[in-house]
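**Student:** Pasting in a structure now, in structure tokens, and then I'll have a few things to ask.
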Protein chains: 4
Amino acid sequence: MTDKKENILNAALELFAKEGFTATSTSKIAKKAGVSEGLIFRHFKNKDGLLEAILHEGEERIKILFANIIFETNAKKVIDLVFDMVLGIAASSDATDFWKLQYKIKWELEMYAESKMEPLELALTNAFKKLAFNNPEMEARSLLIIMDGLAMRYFLQKDFDINSAVNFLREKFKQ
Amino acid sequence: MTDKKENILNAALELFAKEGFTATSTSKIAKKAGVSEGLIFRHFKNKDGLLEAILHEGEERIKILFANIIFETNAKKVIDLVFDMVLGIAASSDATDFWKLQYKIKWELEMYAESKMEPLELALTNAFKKLAFNNPEMEARSLLIIMDGLAMRYFLQKDFDINSAVNFLREKFKQ
Amino acid sequence: MTDKKENILNAALELFAKEGFTATSTSKIAKKAGVSEGLIFRHFKNKDGLLEAILHEGEERIKILFANIIFETNAKKVIDLVFDMVLGIAASSDATDFWKLQYKIKWELEMYAESKMEPLELALTNAFKKLAFNNPEMEARSLLIIMDGLAMRYFLQKDFDINSAVNFLREKFKQ
Amino acid sequence: MTDKKENILNAALELFAKEGFTATSTSKIAKKAGVSEGLIFRHFKNKDGLLEAILHEGEERIKILFANIIFETNAKKVIDLVFDMVLGIAASSDATDFWKLQYKIKWELEMYAESKMEPLELALTNAFKKLAFNNPEMEARSLLIIMDGLAMRYFLQKDFDINSAVNFLREKFKQ
DNA sequence: TATGAATGAGGTTTCATTCAT
DNA sequence: AATGAATGAAACCTCATTCAT
């Protein structure tokens, strides 16, 4: 991948995450990337293609992130890792941009990537089963719902204290 | 308020909730409302002014909704009512539009109306205190975070079974 | 004439003089006049009609102004009065608005009301003839041209010292 | 500069001069220039930017015009050249458009470009000094005021005979 | 007489996209 | 691969004007 193509991808990720897909114009992206507007279309065909490319790169990244959790065999550790993942979002501005885009796009395009989450839900279900929870499926689903709630707050509430919230909920899932 | 003004407000609410604020053009709103485009600007000055008007109406509606919970004295009932409220979202398409807009706008404009939620958080804190929970503040906050997670799933995941999720989590908060 | 009609006329005069005819919207006039926009059209049929009304009032005012000069029999006094008239423009903000509008409209609509000036030119020609000038017609015409130049500077040049310019030119016409 | 950019500039100059800045729509300019409306904004950002570009080109043109007068050392010739300049306006339709725009814009935007005229006023003052006039500063200023008066008449009065007026006034300044 | 709701045409500007180079 | 000129459609908004009350 050429430098300029990367620049476009990075600029678009940042802008889509900050302002949303529709509200970000290709000209703004080109300017931020230090590139002519035409080049965006040469590389990605159209604005949708650019988004697709970003989302595709995102999927790869998510797969890697999830892999670390899915291949964990210690049940308690699995649950802990899920909570850690949320804390990880807040750890780097890069990760923040990345996840914020994922959520913003979800809302703007109204699609919840259930399939992407499935392996994680399965891993969690399995962990809760091992820990002899009554309803491991629902337990797993609930945990992921909470993750979404936490992420939402972190992204949208200026002074949200994500650490104490995560710690508190972590305890709740140790029964 | 004249009929046509109402029509505009209704059309805009529906379209903003379905397509988002930026992606909805004033001409689309006018067409749906059966009204000339200019009338939107006569009544609301701006597209922003139209949004503000809708959001303002929304605040009033939220105040009423919350009042029913806040003035409940039975602690267990308070918590139950919060869960019921989430179920209420799914009960009518009108309520769905209303709440979906609230969430979509939050994401598009990146603002979490913390202040609006404060009275509810206080009422919940008080309820958990009465029920002798260890950390009533965090318990209340967590419950609201979960509400956000549930709403998010309901709006974005096609086949999400909100009822069973709510029922399961409801139990979790009975310790 | 009703109060409100007068208000419209005054507001329009002021705004047309300040911002020009095209650049002044009927809604701005209505707001400044403290009147509904519709009333402008009730009284004056349309925006052009409003301008016409103002211009018509202006003609009356000009006739009166000119009368004082035209009926003067002392030749030297006639010339002096023309110079005094220019100084008079600067004397009151009301007169400034009035004349500024006359000039602005001339430029915007590209019409020089020669006929309006004819009696004045005739009076001046006659005065110069009495004073035995070689070419009284051209002398009169030149004086009026100078008046236009002076007015233009007064209206458009921030720090223009109209008094000293008038005094200097006044001497020039005493040969 | 591309052909189309030039076309826009020319069309705008002509239309602004004929109809005024506010009254000329960008769509009219585009049509006359044989160009898409969007191109105006790509090249000049704004309608204001387009005007600025025209005015900027105008300044350059004025500088060149004035240079010929300012570097003249023969005092009588300097004064003659100023009168010639006015006659020059009427000589070509291109020059007419150019100067008409300068005047129209002055009136529409209410700004007299004193600084632009300063070098000319200085040169004239110097000329009158050399010719031993009593008050060379005022003499120079008056001459320029008269130029404005002449230009105004030429542009606004249908049948104005600029030649005889210029010739007459030219004599007046030979004392 | 006076208002205020309403409109349709047209205004400036932005946008995604194409194309010649 | 990369640019920059160019476009047409559509965006938001303003305007003069009409009409029912």
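**Student:** Do any residues of segment C:100-118 lose at least 20 Å² of accessible area when the full set of protein chains is present rather than just their chain alone, and if so which, with a 1.4 Å probe?
**Tutor:** Residues shielded by partner chains are C:LYS100, C:TYR103, C:LYS104, C:TRP107, C:GLU108, C:GLU110, C:TYR112, C:GLU114.
**Student:** Students often forget the sequence filter, so: which lysines lie under 23 Å Cα-Cα from D:LYS4 once same-chain residues fewer than 8 apart are removed?
**Tutor:** D:LYS18, D:LYS28, D:LYS31, D:LYS32, D:LYS45, D:LYS47
**Student:** Sorted from largest down, give the three principal axis spans of the alpha carbons of segment D:96-175, whole angstrom values.
**Tutor:** 37, 30, 15
**Student:** Still on this structure: Helix A:3-19 versus the longest principal axis of chain A: what is the Cα-based angle in degrees, 0 to 90, to the nearest 10?
**Tutor:** Rounded to the nearest ten degrees, it is 60.
**Student:** Give the angle, between 0 and 90 degrees and rounded to the nearest 10, that separates the Cα long axis of helix D:93-109 from the longest principal axis of the Cα atoms of chain D.
**Tutor:** Relative to chain D, helix D:93-109 is tipped by roughly 90 degrees.
**Student:** Then there is this: How many percent of the accessible area of segment B:57-175 is carbon or sulfur, using a 1.4 Å probe? Write out the running numbers ahead of the final one.
**Tutor:** On the way: 2780 of 5420 Å².
C and S atoms contribute 51 percent here.
**Student:** How well do other chains shield peptide D:15-22, expressed as the mean number of their Cβ atoms within 10 Å of each residue Cβ? All intermediate terms of the calculation are to be shown ahead of the outcome.
**Tutor:** Working: counts 0, 0, 0, 1, 3, 8, 3, 7.
Neighbouring Cβ atoms belonging to other protein chains average 3 per residue here.
**Student:** Now, a different point. Distance from a point 7 Å along Cα→Cβ of D:ILE64 to each backbone N in segment D:72-98: keep the residues under 13 Å and list them by number.
**Tutor:** Answer for this model: D:95.
**Student:** Still on this model: Checking the cross-link filter: which lysines have an alpha carbon closer than 27 Å to that of B:LYS174, excluding same-chain neighbours under 8 positions apart?
**Tutor:** Output for B:LYS174: A:LYS76, A:LYS77, A:LYS129, A:LYS130, A:LYS172, A:LYS174, B:LYS63, B:LYS76, B:LYS77, B:LYS116, B:LYS129, B:LYS130.
**Student:** May I pose another question? Taking 7 Å along the Cα-to-C-beta vector as the label spot, tell me the D:MET111-C:LEU131 distance in nanometres, rounded to one decimal.
**Tutor:** The answer from the label model is 3.9 nm.
**Student:** For helix D:162-172, what angle does its Cα long axis make with the longest principal axis of chain D, in degrees from 0 to 90 and rounded to 10?
**Tutor:** Compared with the principal axis, the helix lies near 30 degrees.
**Student:** Now a separate question. Using a 1.4 Å probe, what is the accessible area per residue for chain A, in Å²?
**Tutor:** Values: 8440 Å² over 175 residues.
On a per-residue basis, chain A sits at 48 Å².
**Student:** Can you list the residues of segment B:141-158 that have at least 20 square angstrom less accessible area with all protein chains present than in their chain by itself, probe 1.4 Å?
**Tutor:** Checking the loss per residue gives B:ARG141, B:SER142, B:ILE145, B:ILE146, B:ASP148, B:GLY149, B:MET152, B:ARG153, B:LEU156, B:GLN157, B:LYS158.
**Student:** To the nearest 100 Å², how much accessible surface do chains A and B cover up together, summed over both, with a 1.4 Å probe? Show your work: numbers first, answer last.
**Tutor:** Working: alone 10340 and 10310 Å², together 16900 Å².
Interface between A and B: roughly 3800 Å².
**Student:** Average projected area of the Cα convex hull of segment D:1-45, in nm²?
**Tutor:** 2.8 nm²
**Student:** Between C:THR96 and C:PHE41, what is 0.36 nm times their sequence separation minus the Cα-Cα distance? Round to one decimal in nm. Don't jump to the answer; show the numbers that get you there.
**Tutor:** Values: separation 55, 0.36 × 55 = 19.80 nm, distance 2.71 nm.
Separation in residues times 0.36 nm, less the Cα-Cα distance, equals 17.1 nm.
**Student:** Please give every one of the aspartates and glutamates within straight-line cross-link reach of D:LYS158, meaning a C-alpha to C-alpha distance under 13 Å, and leave out same-chain neighbours fewer than 8 residues apart.
**Tutor:** Hits, sequence-local ones excluded: C:GLU110, C:GLU114.
**Student:** Could you put C:SER115, B:SER142 in order of accessible surface area, largest first, with the 1.4 Å probe and the full protein assembly present?
**Tutor:** Working: C:SER115 90, B:SER142 0 Å².
From most exposed to least exposed: C:SER115, B:SER142.
**Student:** When the helix-only estimate is applied to chain C (DSSP H runs of n ≥ 4, each -39,500 (n - 2.57), divided by the residue count), what is the mean residue ellipticity at 222 nm, nearest 500 deg cm²/dmol?
**Tutor:** Values: 9 runs with 140 residues, N = 175.
Only helices count here, giving -26500 deg cm²/dmol.
**Student:** Turning to a different aspect of this structure: Rank-order B:60-66, B:98-104, D:162-168 by packing density, defined as the average count of other C-beta atoms within 10 Å over each peptide's residues, highest first. Don't jump to the answer; show the numbers that get you there.
**Tutor:** Working: B:60-66: 13.9, B:98-104: 21.1, D:162-168: 15.6.
Going from most to least packed, we get B:98-104, D:162-168, B:60-66.
**Student:** How do D:PHE71, B:PHE83 rank by accessible surface area computed with a 1.4 Å probe, from largest to smallest?
**Tutor:** D:PHE71, B:PHE83
**Student:** Here's something else I'd like to know. Taking 60 Å as R0, compute the FRET efficiency from the Cβ-Cβ separation of A:LYS172 and A:LYS31 and round it to 0.05.
**Tutor:** Values: r = 47 Å, r/R0 = 0.78.
After rounding to 0.05, the efficiency reads 0.80.
**Student:** For chain B, take N as its residue count and report Rg(C-alpha) divided by 2.2 N^0.38 Å. Please list the in-between numbers first.
**Tutor:** Numbers: Rg = 18.2 Å, N = 175, 2.2 N^0.38 = 15.7 Å.
Working it through for chain B, the quotient is 1.16.
**Student:** Still on this structure: With a 1.4 Å probe and every protein chain kept in, tell me what percent of the accessible surface of segment C:1-45 is carbon plus sulfur.
**Tutor:** Details: 1170 of 2440 Å².
Carbon with sulfur: 48 percent of the solvent-accessible area.
**Student:** In peptide A:130-137, how many Cβ atoms from other protein chains are near each Cβ within 10 Å, on average? Numbers along the way, then the final one.
**Tutor:** Working: counts 0, 0, 0, 0, 2, 3, 0, 2.
That average works out to 1.
The values are calculated or read from the model by the stated rules, or taken from the named source; none is laboratory data. Values in this document were obtained by computation on a predicted structure and should not be read as measured data. Every residue, glycine as well, gets a Cβ built from its backbone with ideal geometry; the counts of neighbours run over all protein chains shown. With ligands, DNA and RNA removed, areas are computed over all heavy atoms of the protein, side chains included. Shrake-Rupley method; radii C 1.70, N 1.55, O 1.52, S 1.80 Å.
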